[in-house]
Structure formats: structure tokens, C-alpha cells
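Novice: Have a look at this one.
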Amino acid sequence: MLLPLNKIIEAPGTVSFEETLDLRDMVIGAQQPVTEPVVAAGEVRNVAGSEGVLELRGEAHTTLHCVCDRCARPFTRFYSVPLQAVLTTE
């Protein structure tokens, strides 16, 4: 995913993003629990003016389809991961 960050690198501003990822082919153990799209959304904000320091904050979430190791029953679970990073030009 590429974000148009050039307009906020040296000036105050915010760039929002939302991306849908298809991770159905990802294997964890012997299962493929990610059968629904993963949605990543958030924003990148200039936190230091002309210094070129950007802060990314957001969240990625999906519903996992799993099988219980004890009873072998299928179940679903909403799963969310916070996204946070500091981006610099150097």
C-alpha cells in the first residue's frame, strides 16, 4: 500500500487510509483461518512540522474462522490489531 505522504512531510496535515487485504491463502498451523478480508484503516499525521516526522495510527481487523483444539468444533472470533509507527525521511 502506498500513501501520498509528500504533501504532509514538511507541513502540518493528515492523510487517512483504508485498505482491504485478501489473506485467504495464509496458512497458520494446518489451517487457513483468514477467510474474510482484513481491513486496515487509520491515519498518518505530521507531528513535527518541517522536521519530517510522521506518526501512523490505525487498526487492522477481521473475523477468524478456527477449530477448537479440544473439542474440534468450529468457531469464529473477531480479531483486531492496533497499528502504530513513526515514519521519518531519514
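What follows draws every value from the coordinates through simple rules; no lab data is involved. Computed from a predicted structure; not experimentally measured. Positions of Cβ are generated from backbone atoms using ideal geometry, with glycine treated the same way; all protein chains shown enter the neighbour counts.
Novice: Among A40, A72, A48, which one shows the highest mean-square fluctuation when the chain is modelled as a Gaussian network with alpha-carbon springs under 10 Å?
Specialist: Sorting by GNM fluctuation, first place goes to A72.
Novice: Something else: Between H61 and V39, what is 0.36 nm times their sequence separation minus the Cα-Cα distance? Round to one decimal in nm.
Specialist: Taking 0.36 nm per residue and subtracting the Cα distance, the gain is 7.4 nm.
Novice: Moving to a separate point now. For the chain, modelled as a Gaussian network with Cα springs under 10 Å, which listed residue fluctuates most, S16, S80, S50?
Specialist: Looking only at S16, S80, S50, the biggest GNM fluctuation is shown by S50.
Novice: May I have the extent of the alpha carbons of region 3-47 along their three principal axes, as whole Å values ordered from largest to smallest?
Specialist: Extents along the principal axes: 48, 16, 14 Å.
Novice: Among T35, T76, T20, whose mean-square fluctuation peaks in a Gaussian network model of the chain (Cα, cutoff 10 Å)?
Specialist: T76
Novice: List the GluC sites (Glu not before Pro) in region 1-68 that DSSP assigns to loop (not H, G, I, E or B) and whose Cβ has at most 16 other Cβ atoms within 10 Å. Which are they?
Specialist: Taking region 1-68 and a limit of 16 other Cβ atoms within 10 Å, the loop GluC sites (Glu not before Pro) found are E10.
Novice: Could I ask something else about it? Using a 7 Å offset from the Cα along the Cα-to-Cβ direction at both V81 and D22, what is the distance between the two label points in nm, to one decimal?
Specialist: My value for the distance between the label points is 2.0 nm.
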